[in-house]
Amino acid sequence: MAEQGTAASTLLRGTAICAASTTVVLYLLGLLLAGFAVSEVGSGADSTPMHHCRSAPGLPEGARVETHEVRYLPVHVLCRTTDGRLFNSGVVPSWLNPALAVSFAASVTLAAATFVQADRRAAARQEERAGT
């Protein structure tokens, strides 16, 4: 019976580590995509304002792009028009931030479950030692 608890504990810890690793990889992917897009700005002819902002599907009609902003939570690059409106550049895929949120929530939940299970196992061992 103790072996089943150990196997379940190992599986839970492994799943928590996998979810946390997925969260880190997704966040780094978002940062890399945003970083590569922003790194091209100002480095050559026709590079300012950001190309992704000038050709974004969310560009309001008749608006002129002035600058861009990088946001880190959630990861995305916003474009600012001369009249102050903001719109998404589309640099970071739309699926990335929801996947990042789900992965983070799973990481926190699994880590909490791992700690609870470890505490219960420690209490059971303590009780077993006290009983013998």
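The values are calculated or read from the model by the stated rules, or taken from the named source; none is laboratory data. Remember, predicted model here, so these are calculated numbers, not experimental data. Quick reminder, even Gly has a Cβ in these numbers, built from the backbone with ideal geometry, and neighbours come from all protein chains shown. Remember, those area values only see protein heavy atoms, side chains included, never the ligands or the DNA or RNA. Shrake-Rupley method; radii C 1.70, N 1.55, O 1.52, S 1.80 Å.
If the condition is being over 20 Å from Leu100 (Cα atoms) and touching a Ser or Thr at 6+ places or on another chain (Cβ under 8 Å), then segment 60-81 contributes Pro60, Ala63, Arg64, Val65, Glu66, His68, Cys79, Arg80. For Glu69, the conditions (1) under 11 Å from the mean Cα position of the chain (by Cα); (2) not in a helix (DSSP H, G or I) are fulfilled apart from (1). Taking (1) closer than 30 Å to Ala8 by Cα; (2) in contact (Cβ under 8 Å) with a residue 40 or more places away in the chain; (3) not β-branched (Val, Ile, Thr) in turn, Leu31 satisfies each apart from (1).
Within segment 97-122, residues that are within 11 Å of Leu12 (Cβ to Cβ) have Cβ atoms under 7 Å from residues that are open to solvent by 70 Å² or more (accessible area, probe 1.4 Å) and part of a helix (DSSP H, G or I) in these pairs: Thr114/Arg13, counting only partners at least 6 apart in sequence or on another chain.
Restricting attention to segment 107-132, and to residues there that are touching a Ser or Thr at 6+ places or on another chain (Cβ under 8 Å) and small (Gly, Ala, Ser), which single residue is farthest from Pro74 (Cα to Cα)?
Applying the filter and picking the extreme gives Ala118.
Could you check, for segment 65-80, whether at least one of its residues is among the basic types (Lys, Arg), more than 30 Å from Thr114 (Cβ to Cβ), open to solvent by 70 Å² or more (accessible area, probe 1.4 Å) and at pLDDT below 90? Looking for residues that are among the basic types (Lys, Arg), more than 30 Å from Thr114 (Cβ to Cβ), open to solvent by 70 Å² or more (accessible area, probe 1.4 Å) and at pLDDT below 90, one finds none in segment 65-80, hence no. Residues of segment 23-49 that are under 16 Å from Leu96 (Cβ atoms), open to solvent by less than 60 Å² (accessible area, probe 1.4 Å) and either in contact with a helix residue (DSSP H, G or I) (Cβ under 7 Å, 6 or more places away or on another chain) or in a loop (DSSP other than H, G, I, E, B) (or both): Thr23, Leu26, Gly30, Ala37. Given the criteria open to solvent by less than 70 Å² (accessible area, probe 1.4 Å), of a type outside the set (A, V, I, L, M) and at pLDDT 90 or above, does Ser94 qualify? For Ser94, the condition - open to solvent by less than 70 Å² (accessible area, probe 1.4 Å), of a type outside the set (A, V, I, L, M) and at pLDDT 90 or above - is not met. Condition test on Leu100, is it over 17 Å from Arg54 (Cβ atoms) and surrounded by 17 or more Cβ atoms within 10 Å (Cβ to Cβ)? The answer is yes for Leu100. Of everything listed in (1) in a helix (DSSP H, G or I); (2) of a type outside the set (A, V, I, L, M, F, W, C); (3) under 20 Å from Thr22 (Cβ atoms), the single unmet condition for Pro93 is (1). Among the residues of segment 50-61, those that are open to solvent by 80 Å² or more (accessible area, probe 1.4 Å) and part of a loop (DSSP other than H, G, I, E, B) comprise Pro57, Glu61.
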